[in-house]
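Read through the structure below, which is laid out as structure tokens, and then see the notes.
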Amino acid sequence: MKQLYFLSLILIINTIVLGQNNGGVFSGSFDSYNQLYRKDIKIGAILPQDKVGSNNYLKLDYKQKKFSGGVQFEAYLPSVQGFPFIANGNKIANKYFKYTTSNFSLQVGDFYEQFGSGLVFRAWESRQIGINTALEGVNLQVAPFPFLNVKAIYGRQRKNFEYANSNIRAIDAEIDFSKLNMSAKTRTVIGFSFVSRYQQYTGPIQNFPATVNATSTRLDIGGATTSVSLEMVNKKSDPHDANNFDKKNGKTFLANLTFSKNNLGATATFRSLKNMSYRSEREAVGSVGFMNFVPALTKQHDYLITNIYVYNAQRKGEIGGQTDWFYYAPKGSVLGGKYGSNFSLNYASYSGLKNENNIFSFSNDNYFHDLNLEWKKKLNEKLSIILLYQNVFYNRLVIEGEPLPDVKSNAFVINTVYKYAKKKTFRFELQHLSTKQDKGNWAAVLTEFSFAPKFTFYLSDLYNYGVTDIHYPTVGGSYTKSGTRFGLSYGRQRAGLFCVGGVCRFVPASSGFTATLTTTFHK
């Protein structure tokens, strides 16, 4: 396999060099995330065996007419603390070749793919939380008619630097009825998915399912002001380590509604599921090996205080949803004033199932809720302000798996931005969270100077007072030029859940320097 990886890299580089004079496009990116740790007993930051963590990703792609190819080289020297896997070394982790026409696509090698919303299948990458579930195999897509798209995939899922001991076979089809009637004002799409995972079983249990199948049916209807999407997923018996070898079938129902007209917009999402931990290996635990995508459908907040108590979706079983309301008060109105105002209201709530055989049954076992109201207002030509209020209920036993009391909290944020020159801004934030549970109250302050488009400097402090009396100060800055950004910071990191796009991983407490470098290029 090492010889194959090396040959693939040589072939890609050779193709790039030879194709530059033939109108081909070469592009790439490099990401580097590095930490230098120091021991900090006060916050529980323990030094790893190596005081340095470094995650590095080099991606190279080349496209010429209908052909494209690429590789991704990764180096962990070693991996930073808190990632789902511990790696030390380097490897060509991904490589692919692809041929594409207007109605046909064939890709071999490593690829990412998603069916529908991802509830039944999603192969994806998030470097920030250490997820890469790419498949090595074949991805075939055809559109025999303008209204029909079909995807067929076969492969094995990536598992750190190796691959899972299983085979994944899947097919997806979408029919767009609006393309049958070009004058239709409403878009109607129906989709069907079938996913199958085979992993050999050699244990003593009779009739143990080596093959686990899952199906999905979805409907999307979109008009000028309103859209509706529905999806139902059924997964056959799938006993494994993460669900304590539960033999019951899995099921999910998802509904989304959006409305927008004039100055008012609204969205509503409802989801109920049970036993939806669908993994490439039955031995996988934690956040490793997921074949499907089940994010926490809550608001993704931007502030230190509002990200202390965040929700992590409960694949074993949950029911709930969220709603968002947006209103723009136009200029000259009573609420809008001279420059207009933006209001948003969000509410998310999740609880357990009362009857696990009925995914539409609500129990009295509350898991989480987040009620938040935000007001954005431009006060004059230079000064704008954001006010935020948040009320949270957080079931620590369910979300963290620890027998600890529930948390009820209230948070307030004032965010001001002052533009004192054409490309110079000053941002100042005051934040406060109050609760009688867990570690009690928190306060935070942030100041940031931005000299667009190149320099940004900031200083922040998150302070837990009344219980631990611990400060989490951080000072840092960044430099950006063209497609390159370099960031450097020094400070403390609080232990807790770190989430990206509704998917979370636990981050241990740390203290020290952090340096990041990202760059993109093309020719």
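Using only the Cα atoms of the chain, build the gyration tensor, take square roots of its eigenvalues as a ≥ b ≥ c, and label the shape rounded, prolate or oblate: rounded if a/c is under 1.5, else prolate if a/b is larger than b/c, else oblate. Here the chain falls in the rounded category. With a Förster radius of 30 Å applied to the C-beta separation of T258 and S27, the computed FRET efficiency comes to 0.35. Here each label is just a point 7 Å from Cα along the line to Cβ, and for K51 and N307 those points are 2.7 nm apart. Charge tally around F192: other residues with Cβ under 10 Å, Lys/Arg +1 each, Asp/Glu -1 each, net -1. Take the alpha carbon atoms of segment 319-339, find their center, do the same for segment 199-220, and report the distance between the two centers in whole angstrom. About 47 Å separates the Cα centre of segment 319-339 from the one of segment 199-220.
Test of understanding: what is the full-extension gain from V445 to V334, defined as 0.36 nm times their sequence separation minus their Cα-Cα distance? Provide the component values of the computation, followed by the final result.
Numbers: separation 111, 0.36 × 111 = 39.96 nm, distance 3.18 nm.
Result for the pair: 36.8 nm of gain on full extension.
Summed over qualifying helices (DSSP H, 4 residues or more, each -39500 (n - 2.57)) and divided by its residue number, the chain shows a 222 nm mean residue ellipticity of -1500 deg cm²/dmol. Go ahead and collect, in residue order, the members of segment 398-422 whose backbone nitrogen is under 16 Å from a label point 7 Å along the Cα-Cβ direction of N391. It comes to 407-413, nothing else.
Loop-resident trypsin sites (Lys or Arg not before Pro) (DSSP state other than H, G, I, E or B) in segment 426-484 with no more than 13 further Cβ atoms inside 10 Å of their Cβ: K436, K454.
Within the chain, what is the longest stretch that has no GluC sites (Glu not before Pro) placed in a DSSP loop and near at most 15 other beta-carbon atoms within 10 Å? Excluding the exposed sites themselves, the longest stretch runs over 1-282.
Are there any chymotrypsin sites (Phe, Trp or Tyr not before Pro) in segment 234-275 that are in a DSSP loop and have at most 15 other Cβ atoms within 10 Å? List them by number. Within segment 234-275, the qualifying chymotrypsin sites (Phe, Trp or Tyr not before Pro) (loop, at most 15 other Cβ atoms within 10 Å) are F245.
Summing charges over neighbours of D324, with a neighbour being any other residue whose Cβ is under 13 Å away from its Cβ, gives -1 when K and R count +1 and D and E count -1.
Using the Cβ-Cβ distance between A210 and A152 with R0 = 25 Å, the FRET efficiency computed as 1/(1 + (r/R0)^6) comes to roughly 0.70. Each of D238, D469, D438 was scored by other Cβ atoms within 10 Å of its Cβ. Listed from fewest to most, they are D469, D438, D238.
Segment F326..T226, full-extension length gain: 34.5 nm, with 0.36 nm per residue of separation and the alpha-carbon distance subtracted. As a calculated quantity, the FRET efficiency between S434 and L459 at R0 = 25 Å, using C-beta atoms, amounts to about 0.55. A simple count of charges around A164, restricted to other residues whose Cβ falls under 12 Å of its Cβ and scoring Lys, Arg +1 and Asp, Glu -1, yields +2.
The trypsin sites (Lys or Arg not before Pro) of segment 220-261 that DSSP puts in a loop, and whose beta carbon has at most 16 other beta carbons within 10 Å, are K236, K247, K248. Taking 7 Å steps out from each Cα toward its Cβ at L219 and L383 produces label points 5.3 nm apart. Length gained on full extension, S237 to Y420, computed as 0.36 nm times the residue gap minus the Cα-Cα distance: 59.7 nm. Taken along the Cα-to-beta-carbon direction at a fixed 7 Å, the label points for Q200 and F67 span 3.7 nm.
Read-outs: derived from the displayed coordinates by stated rules, not from any lab. Predicted, not measured: the structure shown is a model, and the values here were computed from it. Cβ atoms come from the backbone with ideal geometry, glycine included; neighbour counts cover every protein chain shown.
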